[in-house]
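Data first, discussion second: the structure below is written as structure tokens.
The values are calculated or read from the model by the stated rules, or taken from the named source; none is laboratory data. Keep in mind the model is a prediction, meaning the values are calculated, not measured. Neighbour counts run over all protein chains shown; Cβ positions are idealised from the backbone, glycine included. The accessibility values were calculated without ligands, DNA or RNA, using every heavy atom of the protein model including side chains. Shrake-Rupley method; radii C 1.70, N 1.55, O 1.52, S 1.80 Å.
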Amino acid sequence: MKFVFTDKKVNVPNYIHNYAEKKVGKLDRFFKEDATASLTFSVEKDRNRVEVTIRSSGTIFRVSESTSDMHASIDAAVASLERQIRKNKTRLEKRLRTGAFERSVDASTEISSFVPDEPEEGEYHVVRTKTFPIKPMTQDEAILQMNLLGHSFFAFKNEDAGGAFAVVYRRNDGDYGIIEDET
């Protein structure tokens, strides 16, 4: 796993980076070789905040933890990531490394903190399927159409981007956002 460290408005000593690399590195057993972990350290209102983003095989895992101690924030973030992975392990099987969930205890290595296996959720249930033609339109037209329908999102072909697939959505703060295809 590759590591990228970012310090925002704080100068974190190397031993904190080493500690974080050691703790997050334990999650390496879940991922294939192409995994990249980005760790961002910051201090906000006397709280030590750690954001961990792991990218592997097109899947992104992100967690943010804030405590009074940087070590505790790192530990909480790793526990949250492990909980996320275990909770969704059946859905993530194809993207995670094979054998990632098999237990192997080596007496010479430190055992990670106990995170109980949460009960697996059932499959997603699609209760309704809707078909409609996706029409080319501008972003403003898509927002208008979304508001006219009273929906919180609307899929369309963006004329401004050469007909690429896009989704416009209403954000919690009342503004709008657009999700576009990279291609």
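It is to be established whether one or more residues within the range 38-46 are without any contact (Cβ under 8 Å) to a residue 12 or more places away in the chain, surrounded by 15 or more Cβ atoms within 10 Å (Cβ to Cβ) and at negative phi.
No: the range 38-46 contains no residue that is without any contact (Cβ under 8 Å) to a residue 12 or more places away in the chain, surrounded by 15 or more Cβ atoms within 10 Å (Cβ to Cβ) and at negative phi.
Working only within the range 1-44, note down all residues that are of a type outside the set (Val, Ile, Thr), closer than 24 Å to ASN88 by Cα and assigned to a strand (DSSP E or B).
LYS2, PHE3, ALA37, SER38, LEU39
Just to be sure before I move on: is THR67 surrounded by fewer than 13 Cβ atoms within 10 Å (Cβ to Cβ) and at pLDDT 90 or above in the structure I sent?
Criteria not met by THR67.
Within the range 1-35, how many residues are closer than 17 Å to ASN48 by Cα and of a type in the set (Phe, Trp, Tyr)?
Total meeting the criteria: 3.
Among (1) farther than 30 Å from HIS125 by Cα; (2) β-branched (Val, Ile, Thr); (3) modelled with pLDDT under 80, where does THR90 come up short?
The failed condition is (1).
Taking the residues in the range 13-37 that are in contact with a strand residue (DSSP E or B) (Cβ under 6 Å, 6 or more places away or on another chain) and under 14 Å from ILE74 (Cβ atoms) as candidates, determine which candidate is surrounded by the most Cβ atoms within 10 Å (Cβ to Cβ).
Going through the qualifying residues, I end up with ALA20.
Which condition number does SER80 fail, the rest of (1) in a helix (DSSP H, G or I); (2) more than 30 Å from GLU182 (Cβ to Cβ); (3) not acidic (Asp, Glu) being met?
(2)
Starting from the range 145-168, take each residue that is at positive phi and list its partners that are open to solvent by 30 Å² or more (accessible area, probe 1.4 Å) and not polar (S, T, N, Q), counting only C-beta distances under 6 angstrom and pairs at least six apart or across chains.
Partner pairs satisfying both residue conditions: GLY163/PRO136; GLY163/LYS157.
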